[in-house]
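Working notes, structure below.
Each reported figure results from applying straightforward, stated rules to the coordinates on display, with no laboratory input. Since the structure is predicted, the reported quantities are computational estimates derived from the model, not experimental observations. With ideal geometry, Cβ positions are generated from the backbone for all residues, glycine too; neighbour counts draw on all protein chains shown.
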Amino acid sequence: MQKLIIQGGRPLHGEIIISGAKNAALPVLCAALLTKETLKINNIPALQDITTMLSLLEQMGTSITDHRSSEVSLTAANLTHLVAPYEMVKTMRAAILVLGPLLARAGEANISLPGGCAIGLRPVDQHIKGLQAMGAEIHIRHGYIHAVAKKLQGARIVFDIVTVTGTENLMMAATLADGTTILENAAREPEIIDLANCLIAMGANIQGAGTDVITIEGVQTLYGTEHTVMPDRIETGTFLVAATAAGGEIHLKNTDSRLLDAVLDKLTEAGACIDANENWIHLKMDSKPKSVNLRTAPYPAFPTDMQAQFMSLNCVAEGTAIITETIFENRLMHVQELKRMNANIEVEGNAAIVYGIPQLDGAHVMATDLRASASLVIAGLIAQGETIIDRIYHLDRGYENIEEKLSALGAQIRRIN
Ligand code: UD1
């Protein structure tokens, strides 16, 4: 199994290019199932989750062509196998995103239940409830969601909770339904706008993406198009936190500060000087960071996917911070690992109280989920001595070439087998 070895204590300096967003690319890949024509996608990140999704779409009958660096073309002329098997869904929960498109286009889908996940229960009841409201017959059999619908019907659907992939799944399903679908209490994440833009370019009729009410007028057919995936706001935020914690001056290209308002506010509060526009972000940090309290909530509030990284920053900040996780019930697993590095953190329910200390100690730690892995990398960069991070396959699901990008910023980081 591969590990990362980091020698901490170096500030970060330099310029890197941010990759396309994993969480935007995954639903856009699934949108290819909605048309017989070719969907060409640019700015795809090279990540394990993308490889898994491409294999899943391929085994359903999608032909994958021109896959080079950050581009890929998908043609789902004939869908031959309407199944998402357990082996694929268990490694990547986002595989549930094929459910809506398959049902809308082929009238049937058999998707393994995602099951338990390290960061929480993460049920898919909202996806199922919405598709049932659109007329689908859904049964759970042998751990699979078996869904059938001759033709989905438009419906008014009010989500009980805000769900990102739930909103995306139903938005895709509704594009080919009969009549109008209204999604209320919809998620407002920028990735939903990116998906809607792709679907609109394919011929869909969607209004309100990015607000909590999305209206979709079903159409008969969708067509091929070319789409460029938005920048990864979580990768962007992770590098910005790393530089705020380690000190230095970094310039991030191919990203957009407007996607990160809540994160940039917190970094400024921590003491970072930030200059930015819609193409780049420049961050300078020449003092010790100050503690920042935060509470995760659906977009546009502070993202749960940035909580773990800010935990590492707060470990070495001046003062005490309270971090409250409201989205997932078990997303504080990095605390135990950070404590192995001498961090002073107390957990009470869904909140962590982080008492800043002068420095973390390098240690052997284990990544437990994707964003927790990123927090350990940041901790390793600011710790005294050597940090070894195990189970970095979690990191490879969501960060493209992380050690190359950090090395380009002057970090001492290497991967070993
Ligand atoms: C997406 C992101 C993930 C991010 C999360 C929250 C992708 C591929 N992943 O995950 O990186 O951390 O949003 O911003 O885009 N829930 C239910 N029933 C459902 C669906 C969700 O109870 O049917 C709950 C979940 O357990 C969780 C909360 O709703 O507590 C939010 O989950 P959701 O927004 O659906 O997360 P994902 O879309 O899986």
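Here is how the numbers come out for the structure above:
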item	result
Between helix 164-175 and the chain: long-axis angle, C-alpha atoms, 0 to 90°, nearest 10	20
Residue order, fewest to most surrounding Cβ atoms within 10 angstrom, among His127, His364, His142	His142, His364, His127
Charge context of Val72, other residues only, Cβ under 13 angstrom, K/R +1, D/E -1	-2
Antiparallel DSSP beta bridges within the stretch 1-151, as percent of all bridges there, nearest 5	90
Net lengthening on full extension, Glu278/Ile200 (0.36 nm per residue, minus Cα-Cα)	25.8 nm
Cα-Cα over 24 Å, subset of Lys90/Lys151; Lys22/Lys90; Lys22/Lys150; Lys40/Lys405	Lys90/Lys151; Lys22/Lys150; Lys40/Lys405
CD proxy at 222 nm, helix term only [per DSSP H run n ≥ 4: -39500 (n - 2.57); per residue of the chain; nearest 500]	-9000 deg cm²/dmol
The chain: relative contact order as a whole-number percent, Cα under 8 Å and 6+ apart	21
Helix axis angle, 22-31 relative to the chain longest principal axis, alpha carbon, degrees	10
For the chain, built as a Gaussian network whose Cα springs stay under 10 Å, the top-fluctuating residue of Thr225, Thr52, Thr80	Thr80
The stretch 122-235 - percent relative contact order, Cα under 8 Å, separation 6 or more	22
Rg [Å, one decimal], Dmax [Å, integer] - the chain, C-alpha atoms	21.3, 63
Nearest 10 degrees, 0 to 90: helix 48-59 Cα axis against the chain principal axis	20
Packing-based ranking, highest mean first, of 229-242, 401-414 given that Cβ atoms within 10 Å are counted	229-242, 401-414
Model label zone, Tyr223; criterion: amide N under 11 Å from point 7 Å along Cα-to-beta-carbon; scope the stretch 196-212	201-204
Linear extension gain, Ala297 paired with Arg340, 0.36 nm per residue minus alpha-carbon span	12.7 nm
Highest average packing first - 324-336, 377-389, 208-220, Cβ atoms within 10 Å	377-389, 324-336, 208-220
Shape box of the stretch 263-387 [Cα atoms, principal axes, largest first, Å]	38, 32, 25
Difference of contour (0.36 nm per residue) and Cα-Cα distance, Asp125 to Ser63	19.2 nm
